[in-house]
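Asker: I have a structure I would like to understand better, so I am pasting it below and will then ask my questions one at a time.
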Amino acid sequence: QAKVQGRRKVHFFDADLDEQVRTHHNQRTELRDALLAGQLCLFYQPKANLRQGRIVGMEALLRWRHPERGLVGPQEFLPAVEHTDLIADIGEWVLRAALEQMQQWCAAGRTWVVGVNIAARHFQRPDFVQRLRALLAEYPSVPPQLLELEILESSALHDVTHVRTIMQECQALGIRFALDDFGTGYSSMSYLKRLPADVLKIDQSFVRNMLVDRDDLHLVSAVIGLARAFNRSVIAEGVETVEHGALLIRMGCDLAQGYGIARPMPADTVLGWADAFVPAPEWGTASLLGPL
Ligand code: C2E
Ligand code: MG
Ligand code: MG
Ligand code: MG
């Protein structure tokens, strides 16, 4: 009896797996076509210095303008390709599109740091640095210091020595690195010592909940302290309200990104939005409130 049940379970499991493999296969084919057809685009989400009340950067976030499904977010299509070579092709497209945009912004006098998310598989390709160098050379008017590659803390864990070498080679070109979703990996502390990341991005789940969950508040505070101890910059993601921002300033984290500042927006609306940006009065006065 048990054996029959066991076999039945295996059968169901296989069917699910089979289904998933087929879906992913179809998604990959569709996505490859989408890339060629120019259906991918970048949205940009502002990064602000809350204490100074000004915009200091943008993060490029991938979107798929799907002919039937409308605007599709990266969580819905990147998982199907992140362990295939297609992720590197997409990543190269993203890098080029971001540099193209930076060139325009620089020409308009907006010297914003632009964050670009890079998948582990793309980043660890043997020719990554060489191709990045060639790409940067195509955009001589963009200072490499304005390009910030965001890599997941978790993706750096597999082979720290290798990742560290690639990071150093890229930094020699002038570009910067951020460890994204920081705090969600298992070994933040020990790896931080070995990885020359310029910026820690505090994961949005901690920031979002810090007003209602003391553990999350302590975690956010600890990452800010860690950044200070290791002499790195720190930015908070998931700043959804004015209160989040005010509290962060009081904790010593001036840089922030989140719906409370702006949602990701199409590239052609960014300059207009930035011109109209007015910081919340609470941010400017937060520094006067003194330490917590
Ligand atoms: P991420 O790099 O951590 O980006 C932040 C995500 O959180 C974005 O979702 C953004 O829209 C969302 N977000 C920003 N502020 C808030 C907030 O205040 N509240 C909430 N609830 N969410 C907020 P998005 O655009 O869906 O991107 C999801 C993830 O997909 C990114 O996480 C990144 O890991 C990945 N991704 C995005 N674009 C690319 C890309 O071009 N290449 C690669 N390899 N990955 C990408
Ligand atoms: Mg990111
Ligand atoms: Mg993140
Ligand atoms: Mg994320």
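The values are calculated or read from the model by the stated rules, or taken from the named source; none is laboratory data. All figures in this text were calculated on a predicted structure; none of them were measured in a lab. Neighbour counts run over all protein chains shown; Cβ positions are idealised from the backbone, glycine included. Side chains included, ligands, DNA and RNA excluded: accessible areas come from the protein's heavy atoms. Shrake-Rupley method; radii C 1.70, N 1.55, O 1.52, S 1.80 Å.
Asker: Do any helices (runs of 4 or more DSSP H) lying entirely in the range 164-242 carry at least 2 residues that are of a type in the set (Ser, Thr, Tyr) and at pLDDT below 95, and which ones are they?
Answerer: Once the helices (runs of 4 or more DSSP H) in the range 164-242 are filtered for at least 2 residues that are of a type in the set (Ser, Thr, Tyr) and at pLDDT below 95, what remains is 188-194.
Asker: Any residue that is in contact with a helix residue (DSSP H, G or I) (Cβ under 8 Å, 6 or more places away or on another chain), more than 16 Å from ligand 4 (Cβ to nearest atom) and farther than 17 Å from residue 267 by Cα - is there at least one of those in the range 108-121?
Answerer: Yes, the range 108-121 has at least one match.
Asker: Can you tell me which residue among 76, 150, 92 is in a helix (DSSP H, G or I), within 17 Å of the chain's Cα centre (by Cα) and either within 16 Å of ligand 3 (Cβ to nearest atom) or surrounded by fewer than 13 Cβ atoms within 10 Å (Cβ to Cβ) (or both)?
Answerer: Result of the check over 76, 150, 92: 76.
Asker: Using the structure shown, decide if residue 164 is within 27 Å of residue 99 (Cβ to Cβ), in contact (Cβ under 8 Å) with a residue 60 or more places away in the chain and not acidic (Asp, Glu).
Answerer: no
Asker: Could you tell me whether residue 30 is over 21 Å from residue 264 (Cβ atoms) and either among the hydrophobic types (A, V, I, L, M, F, W, C) or open to solvent by 60 Å² or more (accessible area, probe 1.4 Å) (or both)? Talk me through it step by step, then tell me what you get.
Answerer: Values: over 21 Å from residue 264 (Cβ atoms): yes; either among the hydrophobic types (A, V, I, L, M, F, W, C) or open to solvent by 60 Å² or more (accessible area, probe 1.4 Å) (or both): yes.
Answer is yes for this residue.
Asker: Can you tell which of 228, 214 is touching a residue at least 24 places away in the same chain (Cβ under 8 Å), at negative phi and surrounded by fewer than 18 Cβ atoms within 10 Å (Cβ to Cβ)?
Answerer: Within the list 228, 214, the selection yields 228.
Asker: Let me ask you something else. Looking for whichever is out of contact with any Ser or Thr (no Cβ under 8 Å at 6 or more places or on another chain) and within 16 Å of ligand 4 (Cβ to nearest atom) here; the options are 200, 173, 152, 195. Which one fits?
Answerer: Among 200, 173, 152, 195, only 152 is out of contact with any Ser or Thr (no Cβ under 8 Å at 6 or more places or on another chain) and within 16 Å of ligand 4 (Cβ to nearest atom).
Asker: Evaluate the following for residue 158: is it within 15 Å of ligand 1 (Cβ to nearest atom) and either in a helix (DSSP H, G or I) or closer than 29 Å to residue 189 by Cα (or both)?
Answerer: So residue 158 fails the test.
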